[in-house]
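Q: Here it is: the structure, laid out below.
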Amino acid sequence: MLNDMDIMRLFGVPNTTMRDWKKKDKSDWRYKVAMFLKSQDKERVEAFLKAYELEELSPSKTQSAY
């Protein structure tokens with residue numbers, strides 16, 4: 001599971017934002033996003049983000065069409 005510091009490091013969501021989102025009503029989208037992020041497996045998220053970054057930096061994505 002991710003803690004608030006992991007979420008800040010991996011996604012750039014400030015701790016104050018996460019704290020505010022967790023205080024929202026359970027039907028609020030911010031609360032749902034906060035709980036979803038916190039419930040994710042740290043290793044799987046890190047692997048996904050690494051693969052995503054590699055895909056975004058692949059030559060086919062960075063070459064100009066011109």
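Q: Report yes if residue 37 is surrounded by 11 or more Cβ atoms within 10 Å (Cβ to Cβ), modelled with pLDDT of 95 or more and outside any helix (DSSP H, G or I), otherwise no. Break it down into steps so the answer makes sense when it comes.
A: Values: surrounded by 11 or more Cβ atoms within 10 Å (Cβ to Cβ): yes; modelled with pLDDT of 95 or more: yes; outside any helix (DSSP H, G or I): no.
It is false that residue 37 is surrounded by 11 or more Cβ atoms within 10 Å (Cβ to Cβ), modelled with pLDDT of 95 or more and outside any helix (DSSP H, G or I).
Q: Here are some conditions: (1) at pLDDT 95 or above; (2) outside any helix (DSSP H, G or I). Residue 64 meets all but one. Which one does it not meet?
A: Looking at each condition in turn, residue 64 falls short on (1).
The values are calculated or read from the model by the stated rules, or taken from the named source; none is laboratory data. In this text, all values refer to a predicted model and were calculated from it rather than measured experimentally. Cβ: placed from backbone, ideal geometry, glycine included. Neighbour counts: every protein chain shown.
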